[in-house]
């Protein structure tokens, strides 16, 4: 009789485990430091620290909630058709055992600890993406409370329903890697949350120019390359379908970036690198629900659609309809994630191939091109559920924080005017004399003095608050 080897159990595939941990690490890098850098660069200098810190806090807070109760709510045993039974994943025996998703009846050839971490980085980036809609005015304390509440009441439901064996999974809705669970939900929740928080100062909205385009590009580059793990890790194996997902992801992203840039040239008469980044993101988002189940030609079509339809949403509808003036979605998350995520989910209903679905080990015979028009309707039902759930629960959480916990959703006017120095006592840029760009001495701050002292117009780097800001 062979003695079991605890370092190499029979069920362990070392290649799968190595790839899964690598893919998870790539996705983690998308948040920390990827989106931290992108947010810091695309915002005004006075918001760089606060924007990056919102992402960093969410990453840490989600992890603690994830291992204490949220992982099992999203991927554990059945409790309700849309959520699993919550519980901790903190015992060594549990961390070392084989990964099994009991309700979905999925078994992987790597340990549960690898699965927990892989699924965590997806949960974390969902909140980090959502933060993009709130930048430049959300009270940090309110954000600290919002993150665990939204993770608990919204993310776990979407993840269980579509991935963990819930009712949408059982009905055959396809979401390969999070077009619905991550992007549609974060885009919807971001837009709804932005409504409840209220807009930025008028001066910040009117003068919204990235303070460091190069920092933004560094973050965007990390985001793109990290997406190889985002989509390539979802077969839960170093399989042929993982390779297909990676190449399709890059095809769609490149196509989307090119189409967005061409649209900018046609309508604005010049190419914009920030526009190219937007096109890159919409391509990444739109291919996410489809990456491993469509062919390369399908990825090209998805990329062409994601470079044009969200462009129209952002640059035409976003400027024409009053709702987009009332709701100040700072980085346009509703366009880049909600619209692109819904678009990708719909297109997978059209272009999913029978071979891709079989390689991904799902029972769907493919999309409309395979004669399965029902898949389109299933995708629409899945999208409507995610949108409706997030409309309700994001509103409920925001109202709970504001009226029950009595925590303001929005920063004080002084914090809105000054930015990082007033909120955190820190600045993104300091020089040899210890002074930041806003004129507040870091030496003074470190010795416990209030950085939110009265600041002169010279220190603000301008002419002080505008008339509109004084009235806001």
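Before moving on, here are some points about what is shown:
- Enumeration of residues in segment 176-200 that are crowded, with 21+ Cβ neighbours inside 10 Å and not in a helix (DSSP H, G or I): 176, 177, 178, 200
- Residue 158 assigned to a loop (DSSP other than H, G, I, E, B), in contact with a helix residue (DSSP H, G or I) (Cβ under 7 Å, 6 or more places away or on another chain), surrounded by 20 or more Cβ atoms within 10 Å (Cβ to Cβ) and touching a residue at least 24 places away in the same chain (Cβ under 8 Å): no
- Some residue of segment 180-197 being over 21 Å from the mean Cα position of the chain (by Cα), assigned by TED's automatic domain parsing to the domain that holds residue 359 and closer than 30 Å to residue 417 by Cβ: no
- Verdict on residue 348 being touching a helix residue (DSSP H, G or I) at 6+ places or on another chain (Cβ under 8 Å), modelled with pLDDT of 95 or more and over 17 Å from residue 228 (Cα atoms): yes
- Looking at 427, 395, just one residue is in the same structural domain as residue 192 (by TED's automatic domain parsing), at pLDDT 75 or above and closer than 25 Å to residue 201 by Cβ, and that residue is 395.
Residue-by-condition table, conditions (1) farther than 23 Å from residue 402 by Cβ; (2) in contact with a helix residue (DSSP H, G or I) (Cβ under 8 Å, 6 or more places away or on another chain):
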position: 65; (1), (2): no, yes
position: 103; (1), (2): yes, yes
position: 113; (1), (2): yes, yes
position: 119; (1), (2): yes, yes
position: 141; (1), (2): no, no
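- Every residue from segment 369-422 that is at positive phi and surrounded by fewer than 16 Cβ atoms within 10 Å (Cβ to Cβ): 371, 406
The values are calculated or read from the model by the stated rules, or taken from the named source; none is laboratory data. Keep in mind it's a predicted model, so treat the numbers as computed, not measured. Heads up, the Cβs are rebuilt from the backbone with ideal geometry, glycines too, and the neighbour counts pull from every protein chain shown.
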